1. Based on what the data block shows, is Phe43 within 19 Å of Leu145 (Cα to Cα), touching a residue at least 12 places away in the same chain (Cβ under 8 Å) and assigned to a helix (DSSP H, G or I)?
2. Looking at this structure, is Arg166 over 12 Å from the mean Cα position of the chain (by Cα), among the basic types (Lys, Arg), modelled with pLDDT of 95 or more and over 21 Å from Glu18 (Cβ atoms)?
3. From Val113, Val78, Val126, which residue is β-branched (Val, Ile, Thr) and in contact with a Gly (Cβ under 6 Å, 6 or more places away or on another chain)?
4. Can you name every one of the strands (runs of 3 or more DSSP E) wholly within the stretch 49-147 that holds 2 or more residues which are crowded, with 18+ Cβ neighbours inside 10 Å, touching a residue at least 40 places away in the same chain (Cβ under 8 Å) and not small (Gly, Ala, Ser)?
Amino acid sequence: MDRLPRFVTARLAVSPWEAELRARRDGLAGELAAVVTSEVTAFLPPGLQVTAGDTDMAVWAEDLAGDAAVSLLRRDGVLAGLLILDLAEVGCIRIGYLLGRSFWGQGLASELVVGFVAHLQALGFVGEVVGGVEPGNPASAAVLLKAGFHEVPGAGTGEAVDYKRRIG
């Protein structure tokens, strides 16, 4: 995949955050602080977790932007979360996402992942999409399974379990 995702689902608008991060760094940092909390990042890899003492969300965002391709998830114009992609390996996209606590339990994660897969199919992407799920996060595993991913026994980083979906 040679460009960052920009697509719309029934309830979400997904767009790369680079331009917005440059244009309104402080405003976006304020929005992120309301969404990206320690509860929301608890099951993300250690480098992506936010602790209660973290106060500079702009620095967190810039660190994340240096390591991944990131898109904003907006629902009715309100920041709902992030789509985080590792595009380093040709033919393989590692997907991660987070939703603010107030957006949990509404089916938005499933809508996002299904929409992302449809976006890749429309682009003609051929390869694998892989999502790692930390133990204790069955909701994310259920999202990936619902979107047509399957568990890869013995695969993953650390204690995370990988789920894959072949496209194309």
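The values are calculated or read from the model by the stated rules, or taken from the named source; none is laboratory data. Predicted, not measured: the structure shown is a model, and the values here were computed from it. Glycine also receives a Cβ, built like all others from the backbone with ideal geometry; neighbour counts cover every protein chain displayed.
1. On the way: within 19 Å of Leu145 (Cα to Cα): yes; touching a residue at least 12 places away in the same chain (Cβ under 8 Å): yes; assigned to a helix (DSSP H, G or I): no.
For Phe43, the condition - within 19 Å of Leu145 (Cα to Cα), touching a residue at least 12 places away in the same chain (Cβ under 8 Å) and assigned to a helix (DSSP H, G or I) - is not met.
2. Numbers: over 12 Å from the mean Cα position of the chain (by Cα): yes; among the basic types (Lys, Arg): yes; modelled with pLDDT of 95 or more: yes; over 21 Å from Glu18 (Cβ atoms): yes.
The answer is yes for Arg166.
3. Details: Val113 fails: in contact with a Gly (Cβ under 6 Å, 6 or more places away or on another chain); Val78 fails: in contact with a Gly (Cβ under 6 Å, 6 or more places away or on another chain).
Sole residue among the options that is β-branched (Val, Ile, Thr) and in contact with a Gly (Cβ under 6 Å, 6 or more places away or on another chain): Val126.
4. 69-75, 78-86, 92-99
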